[in-house]
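Asks: Next up is a structure, given as structure tokens.
The values are calculated or read from the model by the stated rules, or taken from the named source; none is laboratory data. What you are looking at is a predicted structure, and each value in this text was computed from that prediction instead of being measured. Every residue, glycine as well, gets a Cβ built from its backbone with ideal geometry; the counts of neighbours run over all protein chains shown. We work out accessible area using only protein heavy atoms, side chains counted, and drop any ligands, DNA or RNA first. Shrake-Rupley method; radii C 1.70, N 1.55, O 1.52, S 1.80 Å.
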Amino acid sequence: MSVRTQAKRPSARHPHDDAPDTDYAFACIASLPEGPEKDALRQEVVCAWMPMADRLARQFRNRGESLEDLRQIAALGLVKAVARYDPGRGNTFASFAVPTVVGEVKRHFRDHTWGTHVPRRIQELRNRVRVAERELSHSLDQRGPSVAEIAAHAHLSDQEVRLGMEAMNSYAPLSLDAELPGTADGYSLTETLGDNEPGYDRVVDREALKPQLRGLPERERQILYLRFFRGMSQNRIAEELGISQMHVSRILSRTCAALRDRVMTDPAV
């Protein structure tokens, strides 16, 4: 016989039909050692209270998450509540389970649905400002509540209200491909961003190299000038200086390697 069928009848009807009487089941769970029998009984209690978890999950629908995902998150909170509940403390399971399940769903929204990391305090300010703005919108004219009115209603400072309002507009990041408002030619955020400018790196490299070039012997400086500033080939440089092309190649390789090492190890660079 199922443990639930042995449970006593509640003396008064619970305000929710999805609140079964599992007191006897929890008493058995508390008396059993850890093992398969205790796990099976916990699973039975979870199944009995699942309608309550589903009801709590439905309270958070239409907030950007699918109802099926919300049900799974609420079920996870219910499993945690069953595992942690201690009937010896004197509280009913419903009074313990409801905040546990709701907290699990809210934690999901806080940690997984924001596009960027936002401190918990700012998230709470957003919620308070959103609620105050909605409540005031029913009593004020179409102009909408001001920052001062929201602050007075929510018992916040003006600065906290502004932070909350900024967070309301930052729940989801805007795509870089989104068209900017007021533009008719499809101008997007991507086109407003700067790009890497290789010319800056060349300026830095040249400035770092100048003092090293000044310390080179005259012939090495001349060969570097003819090769990299005049664009002459190694054969033409060899003819110009009356040396072999192989000699020019060795001088270029040796000089460039030495300059690179000096620039990389110079503490002033």
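Asks: Got a sec? Which helices (runs of 4 or more DSSP H) wholly within the stretch 205-269 have at least 1 residues that are touching a residue at least 40 places away in the same chain (Cβ under 8 Å) and not hydroxyl-bearing (Ser, Thr, Tyr)?
Replies: Details: elements: 218-224, 234-241, 245-265.
Ranges flagged: 245-265.
Asks: Among the listed residues Leu76, Leu70, identify the single one that is closer than 30 Å to Met168 by Cα, part of a helix (DSSP H, G or I) and open to solvent by 70 Å² or more (accessible area, probe 1.4 Å).
Replies: Working: Leu70 fails: open to solvent by 70 Å² or more (accessible area, probe 1.4 Å).
Step by step, each of Leu76, Leu70 is checked, and only Leu76 is closer than 30 Å to Met168 by Cα, part of a helix (DSSP H, G or I) and open to solvent by 70 Å² or more (accessible area, probe 1.4 Å).
Asks: Within the stretch 17-27, track down each residue that is in contact (Cβ under 8 Å) with a residue 60 or more places away in the chain and open to solvent by 30 Å² or more (accessible area, probe 1.4 Å). So that I can check it myself, show each step before the final result.
Replies: Quick first cut of the stretch 17-27, residues in contact (Cβ under 8 Å) with a residue 60 or more places away in the chain only: 19, 22-23, 26-27.
Asp23, Ala27 - these are the residues of the stretch 17-27 that are in contact (Cβ under 8 Å) with a residue 60 or more places away in the chain and open to solvent by 30 Å² or more (accessible area, probe 1.4 Å).
Asks: Taking the stretch 213-269 only, how many residues are surrounded by 15 or more Cβ atoms within 10 Å (Cβ to Cβ), closer than 18 Å to Arg202 by Cβ and charged (D, E, K, R)?
Replies: So the answer is 1.
Asks: Another question, then. Consider only pairs whose beta carbons are under 6 Å apart and that are at least six residues apart or on different chains; among these, list those whose first residue lies in the stretch 28-49 and is within 18 Å of Thr100 (Cβ to Cβ) and whose second residue is open to solvent by less than 20 Å² (accessible area, probe 1.4 Å) and assigned to a helix (DSSP H, G or I).
Replies: As it stands, the answer is Ile29/Leu41; Arg42/Val82; Val45/Ala25; Val45/Val82; Val46/Leu78; Val46/Val82; Trp49/Leu78, since those pairs meet every condition given.
Residues are listed down the side, and each one gets a yes or a no for (1) modelled with pLDDT of 90 or more; (2) within 17 Å of Arg55 (Cα to Cα); (3) small (Gly, Ala, Ser):
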| residue | (1), (2), (3) |
| --- | --- |
| Val79 | yes, yes, no |
| Phe96 | yes, yes, no |
| Val102 | yes, yes, no |
| Arg110 | no, no, no |
| His117 | no, no, no |
| Gln123 | no, no, no |
| Asn127 | no, no, no |
| Ala132 | no, no, yes |
| His138 | no, no, no |
